[in-house]
């Protein structure tokens, strides 16, 4: 991608109306545009990051036999009334409206009920189970406060999977498989070392199983307690309900980046989703729900890795593998010609951002650091006079000089050290 084809621009200063570090830097770098509090548009670079996160999530969901689909954002009032979750007293984050004919509708904040209603068309017998289906869907939640940038939005992107099983045993096996899949997802996104499966208030394998995935992050809104001796982690709500002495545990501020729930057979029974077992007896389907806030994960990564110069992306989710920073002074000079050659040699092998703008050197270098692409190829007069270019590791600041014939080798060697 040539930079001259990109319509977005960087800012010299962070927006003053943003308190969250993630939103400040993403807006400054031109990755997102703020529509209003808690609502953001994702620009070309930001969208590429989201798509890379989705790609990892999609891969992990495929490993557990998840089938991708997408549901509607407009939802029927009657479906949610069947489980008492339409009433604002029970769910206080609804956005609601009416059709022109007066029909009440809601804007999707979750999808357990609509997907379960849909499954009545496909589940009749035990032979139809299990079913694991997921989607990437925009959710809308009428949050009272939206001050954490893209980490807590009123409109955000979620990956939500729903499992339909014929027995508690079948459900529990899948539930554990999802824990493994989620941990693999966070590791591949660069959050693995600091993300913990935490016991939520529902307890372990009780009537309503619930676990959260919490990442240690100073900008987070939650608290976890780590019991290293017994290899268990609690959120603050759960440890208030336990007999554990929290003063003996490690306390950390965290951001919730995912959660998984078991509804047992209760919700399906209330909604009339039953199946015929091998003995001809009708039973409720066992439901599980598994969510990852895709945009929230992006925000947490920014909070954890960004430095005083700008964004720092893990290589798996970076919008580009490499940025070519061409420090030419006029089109057609030696630096410009060699930059074009290097770009043409690499563009089919890597995801490359080529900064082909004619602008001051300092501004180009500042923009490159602000974008946070893991590897930069810096092409300037001084090194080119020696038939050399510089390769910079944005993650740790290391810079090496390599010969013009050894650029790809240098990229491979520097790339091995990237997280």
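Kindly indicate whether residue 43 is surrounded by 18 or more Cβ atoms within 10 Å (Cβ to Cβ) and in the same structural domain as residue 173 (by TED's automatic domain parsing). Talk me through it step by step, then tell me what you get.
On the way: surrounded by 18 or more Cβ atoms within 10 Å (Cβ to Cβ): yes; in the same structural domain as residue 173 (by TED's automatic domain parsing): yes.
Criteria met by residue 43.
For the range 367-411, which residues satisfy the criterion of being out of contact with any helix residue (DSSP H, G or I) (no Cβ under 9 Å at 6 or more places or on another chain) and closer than 16 Å to residue 324 by Cβ?
Within the range 367-411, 368, 369, 373, 383, 399, 406, 410 qualify.
From the list 200, 238, pick out the single residue that is crowded, with 16+ Cβ neighbours inside 10 Å, over 30 Å from residue 124 (Cβ atoms), at pLDDT below 95 and over 24 Å from the mean Cα position of the chain (by Cα). Spell out how you get there, then give the answer.
Details: 200 fails: over 24 Å from the mean Cα position of the chain (by Cα).
Selected residue: 238, the only one of 200, 238 that is crowded, with 16+ Cβ neighbours inside 10 Å, over 30 Å from residue 124 (Cβ atoms), at pLDDT below 95 and over 24 Å from the mean Cα position of the chain (by Cα).
For residue 50, all conditions in the list (1) in contact (Cβ under 8 Å) with a residue 24 or more places away in the chain; (2) part of a loop (DSSP other than H, G, I, E, B) hold save one; what is the number of the exception?
Result: residue 50 fails condition (2) only.
Keeping to the range 66-95, report how many residues are more than 16 Å from residue 114 (Cβ to Cβ) and over 27 Å from the mean Cα position of the chain (by Cα).
Of the residues in that region, 4 qualify.
Given the criterion farther than 30 Å from residue 276 by Cα, in contact (Cβ under 8 Å) with a residue 24 or more places away in the chain and surrounded by fewer than 13 Cβ atoms within 10 Å (Cβ to Cβ), identify the matching residue among 74, 99.
Criteria check complete, one pass: 74.
Scanning for something part of a loop (DSSP other than H, G, I, E, B), touching a strand residue (DSSP E or B) at 6+ places or on another chain (Cβ under 7 Å) and closer than 30 Å to residue 165 by Cα, does the range 285-306 turn up at least one residue?
If we filter the range 285-306 for residues that are part of a loop (DSSP other than H, G, I, E, B), which is where we start, we get 285, 306.
With touching a strand residue (DSSP E or B) at 6+ places or on another chain (Cβ under 7 Å) added as a condition, the list becomes 285.
Right, trim to closer than 30 Å to residue 165 by Cα and you get 285.
There is at least one residue in the range 285-306 that is part of a loop (DSSP other than H, G, I, E, B), touching a strand residue (DSSP E or B) at 6+ places or on another chain (Cβ under 7 Å) and closer than 30 Å to residue 165 by Cα.
What number of residues in the range 316-347 are within 27 Å of the chain's Cα centre (by Cα), farther than 15 Å from residue 377 by Cα and surrounded by fewer than 16 Cβ atoms within 10 Å (Cβ to Cβ)? Reasoning before the result, please.
First, the residues of the range 316-347 that are within 27 Å of the chain's Cα centre (by Cα): 316-324, 347.
Filter once more, so that each one left must be farther than 15 Å from residue 377 by Cα: 316-319.
Retained after the next criterion (residues that are surrounded by fewer than 16 Cβ atoms within 10 Å (Cβ to Cβ)): none.
Going through the range 316-347 one residue at a time, the tally reaches 0.
Does the range 375-382 contain any residue that is assigned to a loop (DSSP other than H, G, I, E, B), in contact with a strand residue (DSSP E or B) (Cβ under 6 Å, 6 or more places away or on another chain) and farther than 27 Å from residue 298 by Cα?
Within the range 375-382, not a single residue is assigned to a loop (DSSP other than H, G, I, E, B), in contact with a strand residue (DSSP E or B) (Cβ under 6 Å, 6 or more places away or on another chain) and farther than 27 Å from residue 298 by Cα.
Restricting attention to the range 171-190, which residues are crowded, with 16+ Cβ neighbours inside 10 Å and more than 17 Å from residue 57 (Cα to Cα)?
Matches in the range 171-190: 171, 172.
Only one of these is on the phi < 0 side of the Ramachandran plot and outside any loop (DSSP other than H, G, I, E, B): 113, 143. Name it. Talk me through it step by step, then tell me what you get.
On the way: 143 fails: outside any loop (DSSP other than H, G, I, E, B).
Selected residue: 113, the only one of 113, 143 that is on the phi < 0 side of the Ramachandran plot and outside any loop (DSSP other than H, G, I, E, B).
The values are calculated or read from the model by the stated rules, or taken from the named source; none is laboratory data. A quick note: this is a predicted structure, and the numbers were derived from the prediction, not measured. Heads up, the Cβs are rebuilt from the backbone with ideal geometry, glycines too, and the neighbour counts pull from every protein chain shown.
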